[in-house]
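Notes to accompany the following structure.
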Amino acid sequence: MGDVLSQNEIDSLLAALSSGELDVDEIKESNEKQVKDYDFARPSKFSKEHLRTLEIIFEHYGRLLSTNLPVYLRKNVQIEVMNSEAVTYQEFTNALSNPVLLGIVNFAPLQGSIIIEMATNLGYAMVDRMLGGKGEPMDKVREFSEIELLIIERIMIVCVNLLHEPWQNVLSIQPRLERIETNSQYAQIISPSEMIAIITINVRIGEVEGLMNICLPYLVLEDVIDKLNTKYWYANMQQYDETDYADVIEVLIRKAQIPIKAVLGSSTISVSDFSMLQVGDIIRLDRNVEEELDVYVGNLRKFSALPGASGDNYAVRITEVIREEQ
């Protein structure tokens with residue numbers, strides 16, 4: 001129910017109408033509800049917020065690709081997320097050409113599969129690098145052989161496994177590559193009229209550049225669509241960083257290899273004496289046999305120790321831990 005006007009407000013309104021300051025037709029038009037067109041063939045299931053969150057997720061994915069793929073390809077790999085859009089699955093498949101590289105990925109525990117589409121020139125470059133070549137694409141497009149598909153499948157499995165970490169803030173997924181298709185007609189994972197989100201990623205392997213498209217059907221993301229907003233994503237990312245990442249970093253630091261050395265002593269001799277040293281000569285050090293040795297971690301003096309043996313090896317026994325204030 002609208003607000004009730006006072007008598008003074010009614011009098012002011014009537015005076016404005018009589019003087020021509022207000023037009024009755026304009027008041028009627030302003031009260032009319034605006035009708036928005038809705039295309040039932042292209043239902044709007046992905047909002048701009050959803051697409052933006054997906055871009056953030058795959059920017060993280062791109063960073064993982066750029067650091068992991070060079071290990072296998074022995075070539076510099078640059079990744080850039082180009083854009084995201086919502087289209088029907090039919091529009092996506094109609095834009096594909098044959099042959100094509102389509103990785104069908106099971107997105108468990110979510111129901112259904114997603115598709116990773118890779119440009120054919122990237123596939124040829126990967127095969128060339130894995131077989132010892134320079135990583136150059138072929139001049140003429142042809143069908144992939146069975147051996148080439150097995151090599152590409154190995155790289156595709158690496159790409160699929162890297163999807164786990166970027167999606168951790170939304171859902172803990174266990175993606176698995178089901179198969180690779182080179183014909184788009186054999187990749188009908190959903191109805192042609194269903195809406196999908198496409199994330200376009202530009203991949204550069206050395207001098208070869210091509211696009212990778214990630215096809216995410218709405219039916220697959222429907223159970224977690226409410227979590228695809230930047231507020232939820234950043235909140236979970238902060239919580240994840242403060243707990244899980246701290247534990248992971250601590251484990252990695254504990255496994256790091258660091259040099260350690262025990263210094264028996266030091267001495268100063270002339271260049272002429274050094275040049276005339278022979279096997280069996282004795283160099284006198286500035287430390288007694290009973291004195292403790294200095295033990296260095298890297299270039300920092302961290303321990304004092306006594307020399308000894310452990311089995312057939314020389315060893316030292318720690319006698320003191322040297323703190324920074326010492």
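Quick notes on this structure:
- Within the stretch 208-240, the set of residues being surrounded by fewer than 20 Cβ atoms within 10 Å (Cβ to Cβ), modelled with pLDDT under 85 and either on the phi > 0 side of the Ramachandran plot or not in a helix (DSSP H, G or I) (or both) comprises 229 only.
- Residue in the stretch 264-276 that is of a type in the set (D, E, K, R), more than 48 Å from the chain's Cα centre (by Cα) and surrounded by 13 or more Cβ atoms within 10 Å (Cβ to Cβ) present: no
Residue-by-condition table, conditions (1) buried (at least 22 other Cβ atoms within 10 Å of the Cβ); (2) touching a strand residue (DSSP E or B) at 6+ places or on another chain (Cβ under 8 Å):
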position	(1), (2)
100	no, yes
103	yes, yes
108	no, yes
112	no, yes
117	yes, yes
134	no, no
141	no, no
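- Filtering the stretch 72-95 to residues that are closer than 16 Å to residue 190 by Cα and either in contact (Cβ under 8 Å) with a residue 60 or more places away in the chain or crowded, with 17+ Cβ neighbours inside 10 Å (or both) leaves 86, 87, 88, 89, 90, 92, 93.
- So residue 295, is it surrounded by 10 or more Cβ atoms within 10 Å (Cβ to Cβ) and at negative phi: yes
- Annotation: of all residues in the stretch 143-164 being in a loop (DSSP other than H, G, I, E, B) and in contact (Cβ under 8 Å) with a residue 24 or more places away in the chain, the one that is surrounded by the fewest Cβ atoms within 10 Å (Cβ to Cβ) is 143.
- In the stretch 121-132, the residue that is surrounded by the fewest Cβ atoms within 10 Å (Cβ to Cβ) out of those that are within 13 Å of residue 203 (Cα to Cα) and in contact (Cβ under 8 Å) with a residue 40 or more places away in the chain is 121.
- Across the stretch 262-303, the qualifying residues are those that are among the acidic types (Asp, Glu) and in contact with a strand residue (DSSP E or B) (Cβ under 7 Å, 6 or more places away or on another chain), and the one among them that is farthest from residue 321 (Cα to Cα) is 292.
The values are calculated or read from the model by the stated rules, or taken from the named source; none is laboratory data. Being a predicted model, the structure only gives us computed values, none of them experimental. Neighbour counts are summed over all protein chains in view; Cβ atoms, including those assigned to glycine, are modelled from backbone coordinates with ideal geometry.
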